[in-house]
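Since the structure comes first, as structure tokens, the remarks are kept for the end.
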Amino acid sequence: MIQNKRTVAYGLLALLAVAAVLLTVDLSPRVEYTPEPEVVEVVDTVPAVPTAYGIPLPGFVVEQEQVGRGATFGDLLTARGVPYPVIDSLVRLGEGKFDVRRMRQGNPIAFVYTDDDQREPRYFVYEVDPVEHVVFALTPPLDVRVGHRPVETLRAEVSVPVTGALYNDLADAGADPMLSMQLAEIYAWTVDFYRIQKGDRFTVIYEEQQVDGERYGEPRVLAARYESDGVSKDAYRFAQDSVPDYFDPTGNSLRKAFLQAPLKYSRISSGFSRKRFHPVQKRFKPHLGTDYAAPYGTPILAVGDGTVEKAGYTAGNGRYVKIRHNGTYSTQYLHMRKILVKQGQRVQQGDVIGEVGSTGLATGPHVCFRFWKNGEQVDHRREEFPSAEPIQERYKAEFTREAANWMLALEEARHRADQRVVF
């Protein structure tokens, strides 16, 4: 009996041991981890369809030419077989969009044909300018639409030494030569462009617009520096009350009461002198003015606001105009070919008052410019004139920050190569 009890006890212990092992073993079926496949989106690249004037080119042929002398909208279309009723409908459809009477000789035009039928055009295109064009659909549904090419604005800079004509110096450096005109206007009150010498330097930071990689419109000067004989004159563009102007580093406007000269482009042929040999009278006498030589018909400008005091003719002066600017200053313009103002007329700075000629005692086309101060003739190039409105107090902090940035930018541009750089 004792032996049997031990056997049963050992058996129970064995069963308990097996049960314990079974409880610690994970008997659930094994599932192996398989990573999900990566989903890659495949996008077909569709090549861009080339277009012209918004018309898809595949399947079309474009024939380009220019508006001929005396050609009209109707002439151009009837010559291509477009019926009169279609032309009349297009004229009416274009009302409010484009007046076909505005077409100008020499402007580009285009006729667009299908590949399989080049007898009758499907579209007619007139280019108003490099940006705007008008597309006329010549087959049903008839339509007139105005399109525009995108205009890109770029910032550029250039620094050039003066070697001859500034226009040519800028062009040789790859810059827009029209910058020379803008610089002449910006510095009209502070720089005498008739005394610029070789070795002087202009550094300019400006914006230019491009259409299809070609320059479009006029550039806009943002900052400029003129250097001569170790002296620099900076000009920074800044807007007060949404009105832009150009200021020097201290915030004074570059515009002054008087222009430096009555002509935009010319040369000084004879300066102010107390004793000069007169080329006509063949004797020494005072020449109390400055002669600016220029071609016949060159516009003569009023150097400041004022009232025409005299507009007439004398044997010595020829046709001339005298302007009273205020109680202190008066100016006179001699030897005109043509007078364009009347006595008593009010004029503003920059108004055209006459044309360069050689009337009176003159050997060639020029304007003798005379300047009175308190009734005495003086050399205007030696006078200091007051500036226009400076930077207002509420804009001073903003202008000071911008001026510091422009000054640094001009310094950097000054030391780069003498070639146009685009950003």
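Quick look at the values:
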{"quantity": "Output for region 315-346, where each listed residue is outside any loop (DSSP other than H, G, I, E, B), more than 35 Å from the chain's Cα centre (by Cα) and among the basic types (Lys, Arg)", "calculated": "319, 322, 324"}
{"quantity": "Pairs with Cβ under 7 Å, 6+ apart, first in region 58-70 and outside any strand (DSSP E or B), second among the aliphatic types (A, V, I, L, M)", "calculated": "58/49; 67/103; 67/109"}
{"quantity": "Leading residue by the ranking (modelled with the highest pLDDT) among those in region 252-270 that are of a type in the set (D, E, K, R) and outside any loop (DSSP other than H, G, I, E, B)", "calculated": "256"}
{"quantity": "Which numbered condition residue 137 misses (of (1) out of contact with any Asp or Glu (no Cβ under 7 Å at 6 or more places or on another chain); (2) without any contact (Cβ under 8 Å) to a residue 40 or more places away in the chain; (3) hydrophobic (A, V, I, L, M, F, W, C))", "calculated": "(1)"}
{"quantity": "Some residue of region 68-88 being within 29 Å of the chain's Cα centre (by Cα) and modelled with pLDDT of 95 or more", "calculated": "no"}
{"quantity": "Residue satisfying all of: in region 181-225; surrounded by 16 or more Cβ atoms within 10 Å (Cβ to Cβ) and polar (S, T, N, Q); farthest from residue 399 (Cα to Cα) among these", "calculated": "210"}
{"quantity": "Residue under evaluation residue 301, criteria (1) closer than 17 Å to residue 370 by Cβ; (2) assigned by TED's automatic domain parsing to the domain that holds residue 377; (3) at pLDDT below 90, criterion not met", "calculated": "(3)"}
{"quantity": "Residue 384 within 29 Å of the chain's Cα centre (by Cα) and not hydrophobic (A, V, I, L, M, F, W, C)", "calculated": "no"}
{"quantity": "Within region 286-303, considering residues that are out of contact with any Lys or Arg (no Cβ under 9 Å at 6 or more places or on another chain) and closer than 21 Å to residue 386 by Cα, the one surrounded by the fewest Cβ atoms within 10 Å (Cβ to Cβ)", "calculated": "302"}
{"quantity": "Members of region 282-298 found to be modelled with pLDDT under 55 and in a loop (DSSP other than H, G, I, E, B), listed by number", "calculated": "282, 283"}
{"quantity": "Wholly enclosed strands (runs of 3 or more DSSP E) of region 82-172 bearing at least 2 residues within 24 Å of residue 61 (Cβ to Cβ) and in the same structural domain as residue 65 (by TED's automatic domain parsing)", "calculated": "108-114, 123-127, 132-137, 143-148"}
{"quantity": "Within region 71-120, considering residues that are surrounded by 12 or more Cβ atoms within 10 Å (Cβ to Cβ) and of a type in the set (Ser, Thr, Tyr), the one nearest to residue 136 (Cα to Cα)", "calculated": "89"}
{"quantity": "Residues of region 242-263 satisfying the condition of being touching a residue at least 12 places away in the same chain (Cβ under 8 Å) and under 22 Å from the mean Cα position of the chain (by Cα)", "calculated": "245, 246, 247, 248, 253, 254, 255"}
{"quantity": "Residue count, region 106-119 (criterion: of a type in the set (S, T, N, Q) and modelled with pLDDT under 95)", "calculated": "2"}
{"quantity": "Criterion violated by residue 152 - all others in (1) surrounded by fewer than 16 Cβ atoms within 10 Å (Cβ to Cβ); (2) of a type in the set (Asp, Glu); (3) farther than 30 Å from residue 134 by Cβ satisfied", "calculated": "(3)"}
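The values are calculated or read from the model by the stated rules, or taken from the named source; none is laboratory data. Keep in mind the model is a prediction, meaning the values are calculated, not measured. Every residue, glycine as well, gets a Cβ built from its backbone with ideal geometry; the counts of neighbours run over all protein chains shown.
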